[in-house]
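The values are calculated or read from the model by the stated rules, or taken from the named source; none is laboratory data. It should be emphasised that the depicted structure is a prediction, and the values quoted were computed from it without experimental measurement. Quick reminder, even Gly has a Cβ in these numbers, built from the backbone with ideal geometry, and neighbours come from all protein chains shown. Note: areas computed on protein heavy atoms with side chains; ligands, DNA, RNA excluded. Shrake-Rupley method; radii C 1.70, N 1.55, O 1.52, S 1.80 Å.
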Amino acid sequence: MAKSALTRAVKLTGTDVPEGKRRILEAGPLTAMFDNGAIRYIRFKGAEVLRGIAFLVRDKEWGTYTPAIENLKLRQGKDSFTISYTATTRDKTQGLRYAAKIEAKSNGTLVFSATGTPLTDFITNRTGFVVLHPLNGVVGEPLEIIHTDGKKKKGRFPKFISPGQPFFEIRSMKHEVTPGVTATVLMEGNKFEMEDHRNWMDASYKTYVCSLLDPWPYTLKKGEPFTQSISVTIEGKPTAKKSARKGSGISVDVGGVKGMIPAIGVSVPMAEAAHALDKAELIAGMDANHLVCQIDGRQKGQREAAAAFRELRERTGALSFLEIVLPAKKPAADEVAAIAREIRAANYKPDAIVITQMHDLKSFQPNTPRPWGPSYEEMAAAARKEFPDVTLGGGMLSFFTELNRKPVPQGVFDFITHTVCPIVHAADDISVMETLESLPSIIASTRHMIGKAPYLLGPSSIACRDNPYGAVVSPNPGNGRVCLSDMDPRQRGLFAAAWNLGLVSAFAKGGLDAVSLGAVTGPQGVIYRKADYAQPWFDDDAKAEVYPAYHVLAGLAAASGNKRRDAVSSAPSTIAALAYRAEGGTELWLANLSPEAQTVKISGLKGPAEVHHLSEATFKTLATDPDILRRDGERVRKPSSVELGPYALIRIKAE
C-alpha cells in the first residue's frame with residue numbers, strides 16, 4: 001500500500017477530502033455566497049441580513065445528508081442572479097430528490113424555493129428550509145412576527161440563550177438590519193418555529209420547518225411531492241453614516257491586565273486509559289493543570305481504568321479530575337458506592353469529581369418527561385458520602401444545551417460544568433469556525449444561570465465524544481466533515497490548533513476557572529497513536545508523535561493561572577488573540593481562523609521578542625518535535641506586524 005503524502009490539505013485540515021466550491025453572487029446592493037446548494041452571508045450594502053438559508057434533509061438520528069447536486073445552473077446578471085439545481089439525498093434504505101431555485105434582484109428581494117419528492121418512504125426528523133439570523137446586531141433586538149393564523153406579534157431575539165423555542169407557528173419575521181433598513185422573511189409551505197441555535201454553539205438563531213412539538217421522526221410518503229419557499233424582502237435606506245474606511249489589515253492591541261488564564265486541562269477517556277499510559281511522557285510534557293478522567297458505571301474494567309488514572313497522576317504530576325456516570329438503574333447511593341469500591345481498590349484518589357447519570361447524557365425537550373434517574377441532590381449526597389473531602393462538580397458532560405434545559409440548583413455543587421461541540425448542525429469549515437462567535441452568549445447565559453459558582457468547561461473538541469441526539473455517533477469512514485461524529489480529521493491539522501486557541505481565548509475573556517481541551521489520545525486526542533481509522537501521513541511517518549493542537553495545549557497549560565492581558569482583535573472572527581503575563585514579559589498568541597493569509601498589526605508590546613510559528617512551513621516539525629515551544633524561536637527587534645497563513649498560529653514572547 002502506497003504511503004500517503006503530506007499534502008497541503010492534510011496540513012490544514014487533516015484530510016484530502018475537499019470541500020465544495022463557493023461563489024459570491026451579486027444583485028446590486030444584495031450579495032450572497034452559494035455553497036453546496038445553500039446560500040450564506042446574505043448582505044445588503046455590506047450589512048449582514050441573514051447568516052444563511054438552506055434546504056436540509058435530516059435522518060432519524062438528526063444526521064444531515066450531504067446532497068448530491070446535479071444540473072447546476074448559475075446566472076449572474078447585471079443586477080440580478082438566478083441559481084437552479086436538482087439534488088438527491090440517500091442512504092442504503094431511503095432517498096429523496098428535490099429541485100431548487102434561487103432568484104435575487106437589486107430591489108432587495110430574494111426567493112429560495114424547493115419541491116421535494118421522496119424516492120421511497122422517507123423517515124426523517126426534519127426535511128425542509130432553515131433560515132439563520134446572525135448574532136451581531138441582532139441579539140436582544142426587536143422582532144416582528146406574523147403567525148400562521150395571521151396575528152401579528154412584537155418580540156425580541158433572546159438575550160440569554162432560550163432553552164426552548166422562543167417563537168412558534170411562524171409565517172414571517174421582520175427585523176432591523178441597520179438603522180433605517182429592515183428585512184422581512186416570509187416562510188411558506190408549512191409552519192415554522194424558531195430555536196435559539198446558540199444552545200448548540202451555532203452562531204445564529206434558527207427558524208426551521210415543522211415543529212418539535214409534533215411527533216418525530218415522521219415519514220414522507222414515496223412519490224408525494226411537497227413545496228416550500230423562503231422570500232426575503234429588504235426595505236428602507238440606511239440612516240447612519242458610513243464609518244471612515246480603515247487601512248488594510250487587521251490590528252491586535254495588547255492592553256492592561258484583565259483577569260486570569262483559566263487552568264488548562266485535557267481529558268483521558270475511559271477507553272483511552274491504557275493508551276494514555278503508553279504516552280505518559282508526552283502527556284507529562286504538556287504540563288496540563290489537570291487530567292479529566294472518566295469512569296462509566298455501565299462499563300466493565302472500572303478498577304483497571306482507575307489504576308491507570310492513578311498511575312497517570314503519579315507520572316505526570318497533573319491533578320486528576322474524575323467524571324462518574326451512573327447507570328441510573330438503582331438509587332444513587334448504591335451506584336456511587338459500587339464505583340467507589342472499585343476506585344478505592346485501585347488506590348486512586350481523584351482531586352475533584354463530576355457526578356452525573358446516563359439519562360443526562362441524552363437530550364430532552366424542555367418540560368417533557370424524562371426517564372427515571374437520580375436527582376442532582378441525590379447524586380451529590382451520595383458522592384459526598386463516599387468521597388467526603390473531594391471537590392464536587394455537577395452539570396452536564398454533554399453540551400450547554402442540556403445544562404440550559406436542566407439547570408443545576410444553586411448551592412448543591414462546588415462547581416458547574418458543561419462541554420461544547422461545533423459539529424452538531426453543520427460540519428463544514430466555515431460553520432465550525434463560526435461557532436466561536438456563540439461563546440460570549442454561552443458564557444453569559446451560564447453565568448446568569450449558575451450565579452457566582454466556579455465555572456469549568458469540560459472536555460471539548462471539534463469532534464463530539466457522545467451524541468445526545470441519537471443512539472450513536474455518526475460514522476466517518478471517509479475522513480470527511482461529518483456532523484456528530486466522534487472522529488474529525490481536522491483534529492490532526494492546523495485547523496484544530498487555531499479553533500482551540502479561539503476557544504480558550506473566548507473562555508478566558510469570559511472568566512472561566514478551568515478549560516479542558518479534547519483528549520490525550522484517540523479520536524479527540526492531541527497525541528498520535530495508531531487507530532482503527534486512517535490518519536493520512538501520520539500513519540506512514542515513523543517520527544510523527546503529536547498534532548499541532550498539542551502545542552497550543554502545552555503552551556497555554558504552562559500559563560494556567562497567569563494574569564491575562566487584554567488583547568483586542570479588530571476582526572475577532574478572523575484573528576483570535578490571547579495575551580498574558582509570563583516570566584520575563586508577555587506572551588501573545590494569535591490564530592488565523594480563516595483559510596486566507598492575513599496581515600496583523602500589533603500594538604502594546606515592547607522591546608525585542610521571540611517568535612514561534614505554527615504553520616504549513618513548520619508542520620512536519622510540529623508533528624515530530626513535541627518540545628518545539630521550548631526551543632529557541634525567531635528573534636525580532638519589535639513585533640509590530642506579522643503574516644499568518646491559513647489557520648496558522650504564532651506565539652510571541654515579548655520582554
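Pick from region 586-627 the residues that are closer than 29 Å to residue 257 by Cβ and of a type in the set (Lys, Arg): which of them is farthest from the chain's Cα centre (by Cα)? My answer is 606.
I'd like the residue in region 1-34 that is modelled with pLDDT of 95 or more and of a type in the set (Asp, Glu) and, out of all such residues, is least open to solvent (accessible area, probe 1.4 Å). Restricting to residues being modelled with pLDDT of 95 or more and of a type in the set (Asp, Glu), the top hit is 16.
Mind counting the residues in region 478-495 that are among the hydrophobic types (A, V, I, L, M, F, W, C) and open to solvent by 20 Å² or more (accessible area, probe 1.4 Å)?
1
Filtering region 556-607 to residues that are buried (at least 17 other Cβ atoms within 10 Å of the Cβ), hydroxyl-bearing (Ser, Thr, Tyr) and farther than 19 Å from residue 435 by Cβ leaves 560, 580, 586. In region 383-412, which residue that is in a helix (DSSP H, G or I) and open to solvent by 10 Å² or more (accessible area, probe 1.4 Å) is farthest from residue 465 (Cα to Cα)? Checked region 383-412; the qualifying residue farthest from residue 465 (Cα to Cα) is 385.
Looking at 157, 81, 129, can you tell me which residue is within 26 Å of the chain's Cα centre (by Cα) and either open to solvent by 30 Å² or more (accessible area, probe 1.4 Å) or over 30 Å from residue 451 (Cα atoms) (or both)?
Within the list 157, 81, 129, the selection yields 129.
Being part of a strand (DSSP E or B) and polar (S, T, N, Q) is the filter; apply it to region 100-120 and report the residue that is surrounded by the most Cβ atoms within 10 Å (Cβ to Cβ). By that ranking, first place goes to 113.
The residue pairs whose first member lies in region 82-102 and is in contact (Cβ under 8 Å) with a residue 12 or more places away in the chain and over 14 Å from residue 127 (Cβ atoms), whose second member is aromatic (Phe, Trp, Tyr) and surrounded by 16 or more Cβ atoms within 10 Å (Cβ to Cβ), and whose beta carbons are closer than 7 Å, counting only pairs six or more residues apart or on different chains, are 83/34; 102/112. Could you say whether any residue in region 515-523 is under 19 Å from the mean Cα position of the chain (by Cα) and hydroxyl-bearing (Ser, Thr, Tyr)? Yes, that holds for at least one residue.
Listed by position, the strands (runs of 3 or more DSSP E) contained in region 1-91 that have at least 2 residues being within 30 Å of residue 616 (Cβ to Cβ) are 22-27, 30-35, 38-44, 47-57.
Among the residues of region 334-354, those that are assigned to a helix (DSSP H, G or I) and either within 33 Å of the chain's Cα centre (by Cα) or within 23 Å of residue 458 (Cα to Cα) (or both) comprise 335, 336, 339, 340, 343. Considering region 137-151 alone, what residues qualify as being more than 18 Å from residue 190 (Cα to Cα) and part of a strand (DSSP E or B)? Once the filter is applied, which keeps residues that are more than 18 Å from residue 190 (Cα to Cα) and part of a strand (DSSP E or B), region 137-151 yields 142, 143, 144. Looking across 523, 475, 440, one residue alone is free of Cβ contacts under 8 Å to residues at least 60 places away in the same chain, open to solvent by 10 Å² or more (accessible area, probe 1.4 Å) and at negative phi. It is 475.
Evaluated against (1) within 21 Å of residue 19 (Cα to Cα); (2) outside any loop (DSSP other than H, G, I, E, B); (3) open to solvent by less than 10 Å² (accessible area, probe 1.4 Å), residue 423 falls short on exactly one condition, (2). Annotation: residue 177 fulfils all but one of (1) open to solvent by less than 60 Å² (accessible area, probe 1.4 Å); (2) under 30 Å from residue 364 (Cα atoms); (3) hydrophobic (A, V, I, L, M, F, W, C); (4) under 29 Å from the mean Cα position of the chain (by Cα); the unmet one is (2).
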